[in-house]
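The values are calculated or read from the model by the stated rules, or taken from the named source; none is laboratory data. Quick caveat, the model's predicted, so the values are computed rather than measured. Virtual Cβ from ideal backbone geometry, glycine too; neighbours counted across all protein chains shown. SASA here: full protein model, heavy atoms, side chains in, ligands and nucleic acids out. Shrake-Rupley method; radii C 1.70, N 1.55, O 1.52, S 1.80 Å.
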Amino acid sequence: MRRRLRARRAARQAARAAADRVTRLPHWRRARHVALYLAADGEIDTTPLIHAAWRAGKRVYLPVIRSPSGRLAFRRYTPTTALRSGRFGIRIPARTAEPLRAVAGLDLLIMPLVGFDAAGHRLGMGGGFYDRTLAGRRRGRRPLRLGLAHVCQQQPAIPHDRWDQRLDRVVTDQSTHFC
């Protein structure tokens, strides 16, 4: 029990530290439409960021996989939004009358990751959903691409392909990396 409680305490401290770093970024302060994820599988918990966004009057969105394209769209998430189990058991907002938001309509996109390097290469879970969604968004309006991670997830180099989309920043519980 002691070990479990210590691990939970450490995870909460990491989430708060990362949230503090994110909320100090100028992009965060300017952003009105912020997409992020609900943590699973050891990812940095985004609950402190979600609450900070709501307090600041920002609109919060969660990713929803669009079939058959495999691209993501983003559904509004409020304190009263019901959640349901989506693909891969990931919690997503239940369907609402409000339309899905495209990535071009976001100011800040906060992404989970398994690993990252200083050049902004991101190792995800292997589905390619974020890469497909962000492909072709080099011109025109695009959100700041921010990875959220534990410091231990940084690697000297992440293998990547030409279609992999790089991050603009990575925030960990201990530092902010400008890619």
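Quick notes on this one:
- Flag if R141 is part of a loop (DSSP other than H, G, I, E, B), touching a helix residue (DSSP H, G or I) at 6+ places or on another chain (Cβ under 6 Å), without any contact (Cβ under 8 Å) to a residue 40 or more places away in the chain and of a type outside the set (A, V, I, L, M): yes
- Highlighted here are the strands (runs of 3 or more DSSP E) found entirely within the range 49-96 that include at least 3 residues which are at pLDDT 90 or above: 59-65, 72-77.
- Cβ-Cβ contacts under 7 Å between residues 6 or more apart (or on different chains), taken from a first residue in the range 123-135 that is among the aromatic types (F, W, Y) to a second residue that is at pLDDT below 90 and open to solvent by less than 30 Å² (accessible area, probe 1.4 Å), are listed as F129/G70; Y130/G124.
- Only one of R55, R84, R91 that is among the basic types (K, R), in contact with a Leu (Cβ under 7 Å, 6 or more places away or on another chain) and surrounded by fewer than 17 Cβ atoms within 10 Å (Cβ to Cβ): R91
- Screening A119 against (1) in contact with a Cys (Cβ under 7 Å, 6 or more places away or on another chain); (2) without any contact (Cβ under 8 Å) to a residue 24 or more places away in the chain leaves a single unmet condition, (2).
- Residue count for the range 59-71 satisfying the condition of being buried (at least 19 other Cβ atoms within 10 Å of the Cβ) and charged (D, E, K, R): 2.
- In the range 48-64, residue farthest from T172 (Cα to Cα) [restricted to those that are within 14 Å of the chain's Cα centre (by Cα) and not hydroxyl-bearing (S, T, Y)]: V64
- Residue list for the range 1-47, filter: over 20 Å from T78 (Cβ atoms), of a type in the set (A, V, I, L, M, F, W, C), more than 12 Å from the chain's Cα centre (by Cα) and assigned to a loop (DSSP other than H, G, I, E, B): M1, L25
- Scan the range 105-161 for residues that are basic (K, R) and crowded, with 21+ Cβ neighbours inside 10 Å and the total you get is 2.
- Residue check, A102 at pLDDT below 95 and open to solvent by 20 Å² or more (accessible area, probe 1.4 Å): yes
- Residue-level check: of (1) free of Cβ contacts under 8 Å to residues at least 12 places away in the same chain; (2) open to solvent by less than 50 Å² (accessible area, probe 1.4 Å), V170 misses just (1).
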